[in-house]
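Trainee: Dropping the structure in here first, questions after.
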């Protein structure tokens, strides 16, 4: 797996990797991670994947909030 690009974001680390003929669009925030696998034949270019990352960032961030809430609810004594 090799890192192809990073997408700037003030809260999350967003990176694009390539592995096994797929792009992996990876969002990371604290201890949580979301990865979207996109076949290289499904998009026209790396720039298209970057744009997907930018377009998805807000909904991914909202999902991170939900993930944290679920984690906190199940991880309290």
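The values are calculated or read from the model by the stated rules, or taken from the named source; none is laboratory data. Owing to the predicted nature of the structure, the values given are computational and were not obtained by experimental measurement. FYI the Cβ positions are ideal-geometry reconstructions off the backbone, even for glycines, and counts take in every protein chain you see.
Trainee: What's the total number of residues in the range 21-77 that are part of a loop (DSSP other than H, G, I, E, B) and in contact with a strand residue (DSSP E or B) (Cβ under 9 Å, 6 or more places away or on another chain)?
Mentor: Result for the range 21-77: 4.
Trainee: Quickly run through the range 1-32 and pick out the residues that are surrounded by 13 or more Cβ atoms within 10 Å (Cβ to Cβ) and closer than 16 Å to residue 67 by Cα.
Mentor: Residues satisfying the conditions are 12, 26, 27, 28, 29, 32.
Trainee: Just to be sure I understand the filter: pairs with C-beta atoms under 8 Å, separated by 6 or more residues or on different chains, first member in the range 39-51 and farther than 14 Å from residue 22 by Cβ, second member modelled with pLDDT of 95 or more. Which pairs pass?
Mentor: Pairs found: 50/5; 50/7; 50/16.
Trainee: Would you tally the residues in the range 1-20 being under 12 Å from residue 61 (Cα atoms) and part of a strand (DSSP E or B)?
Mentor: Looking only at that region, the number is 2.
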